[in-house]
Amino acid sequence: EAQVTQNPRYLITVTGKKLTVTCSQNMNHEYMSWYRQDPGLGLRQIYYSMNVEVTDKGDVPEGYKVSRKEKRNFPLILESPSPNQTSLYFCASSLTGGGENEQFFGPGTRLTVL
Amino acid sequence: EDQVTQSPEALRLQEGESSSLNCSYTVSGLRGLFWYRQDPGKGPEFLFTLYSAGEEKEKERLKATLTKKESFLHITAPKPEDSATYLCATQGGSEKLVFGKGTKLTVNP
């Protein structure tokens, strides 16, 4: 089944404790992206990747890191999480960038930083 | 800066009562306008992509249209299972996808 998977689905952590949220897709997509969704603010793009070893900032990259060492995986790293990073996070992928292809979204990771 | 504004924020309809959702956009070099459906606690689910003014696409009770400044999502004779939040997004000259805040649709039986 074609899908985007994220782990963990739920995470409660404390300020400053480094964490990684994994994202994997099995569709051989080139483009992958991370979003956060907050009430009243909608979905905002954190980082995106056009292909392996190619990443760029979205609208809200502060406090986050990403890497794309393999085509199927795009982990999101919070090196020193803070309470303002409490949010619902979505990973997405599409065949290519450029607007020609729709993005497929993962099920989401609900993160709480205390 | 690219902007996407959706209205209304929330819409309540009776089953069978047709209506439209609006997505106004300002984007440099539109390469695609997307509509997604999102159910509570789940990831957005793709509905349509529109590329140029005048284009229309349909899927069951949904029809999306595009002008140079707006897109509409028309819902004909909605059913309770159409209740969801509908998101509009644009992709312009950059590789970034910009989302609106969504319209929460509730269809009462």
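Is there a simple number for the mean count of other chain Cβ atoms within 10 Å of the Cβ of residues in A:41-50, and what is it?
Counting Cβ atoms of other protein chains within 10 Å of each residue's Cβ and averaging gives 4.
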In chain A, if the dipole is taken from +1 on Lys/Arg beta carbons and -1 on Asp/Glu beta carbons about the Cα centre, which of A:Pro81, A:Val4, A:Asn51 is farthest to the positive end?
A:Pro81
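How big is D for the protein assembly as shown, in µm² s⁻¹ as a whole number, if Stokes-Einstein is applied with the Kirkwood radius of its Cα pairs at 37 °C and 0.692 mPa s? Kindly include the intermediate steps, with their values, before the conclusion.
Working: Rh = 17.9 Å.
The diffusion coefficient I find is 184 µm²/s.
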Kirkwood hydrodynamic radius of segment B:1-56, Cα pairs, Å:
13.5
Could you calculate the FRET efficiency of B:Ala77 with B:Glu9 from 1/(1 + (r/R0)^6), where r is the beta carbon distance between them and R0 is 25 Å, rounded to 0.05?
0.60
Rounded to whole Hz, the Karplus (6.51, -1.76, 1.60) HN-Hα couplings of segment B:47-63, x for glycine and proline
10, 9, 10, 10, 10, 8, 4, x, 6, 9, 9, 10, 8, 6, 8, 10, 9
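If you put +1 on each Lys and Arg Cβ and -1 on each Asp and Glu Cβ, how big is the dipole of segment A:8-56 around its Cα centre, in Debye rounded to 20?
Working: 5 positive and 4 negative charges, 69 e Å.
Roughly 340 debye for segment A:8-56.
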Residues in segment A:80-94 that a label on A:Leu19 would reach, taking backbone N under 12 Å of a point 7 Å out along Cα→Cβ:
A:80-89
If you put +1 on each Lys and Arg Cβ and -1 on each Asp and Glu Cβ, how big is the dipole of chain B around its Cα centre, in Debye rounded to 20?
80
Starting from the amide H of B:Leu13, placed 1.01 Å from N in the peptide plane, find each other amide H under 5 Å away whose residue is 5 or more places distant or on another chain.
B:Thr106, B:Val107, B:Asn108
For segment A:1-113, compute the orientation-averaged projected area of the C-alpha convex hull (one quarter of its surface), in nm².
6.6
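Let's see if you can work this out: charge +1 on each Lys and Arg Cβ, -1 on each Asp and Glu Cβ, no other charges. What is the dipole magnitude of chain A about its Cα centre, in debye to the nearest 20? Could the numbers behind the result be given before it?
Details: 12 positive and 11 negative charges, 91 e Å.
With only Lys, Arg, Asp and Glu charged at Cβ, the dipole is about 440 debye.
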So the FRET efficiency between A:Tyr10 and A:Lys65, C-beta based with R0 = 25 Å and rounded to 0.05, is 0.70
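Would you mind computing Rg(Cα) / (2.2 N^0.38 Å) for chain B, counting N as its residues?
Working: Rg = 13.3 Å, N = 109, 2.2 N^0.38 = 13.1 Å.
Cα-based Rg divided by the globular estimate yields 1.02.
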Rg/Rh for segment A:30-75, where both radii come from Cα atoms and Rh is the Kirkwood radius
1.00
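Can you work out D for segment A:10-51 in µm² s⁻¹ from Stokes-Einstein, where Rh is the Kirkwood radius over C-alpha pairs, the temperature is 10 °C and the viscosity is 1.306 mPa s? Kindly include the intermediate steps, with their values, before the conclusion.
Working: Rh = 12.8 Å.
For the chosen part, D equals 124 µm²/s.
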Quick one, what does Rg over Rh come out to for segment B:66-108 if you take C-alpha atoms and the Kirkwood Rh?
1.07
Amide H within-cut-off set for B:Gly102, under 5 Å, with H built and near neighbours excluded
B:Gln6, B:Cys88
Projected onto the charge dipole of the protein assembly as shown (+1 at Lys/Arg Cβ, -1 at Asp/Glu Cβ, origin at the Cα centre), which of B:Leu97, A:Tyr35, B:Leu11 gives the Cα projection farthest towards the positive end?
A:Tyr35
Under the rule of at least 5 residues apart or a separate chain, name every residue whose amide H is placed under 5 Å from the amide H of B:Arg31.
B:Gln91, B:Gly92
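Each reported figure results from applying straightforward, stated rules to the coordinates on display, with no laboratory input. Since we're looking at a predicted model, the values are computed, not measured. Positions of Cβ are backbone-derived with ideal geometry, glycine not excepted, and every protein chain shown enters the neighbour counts.
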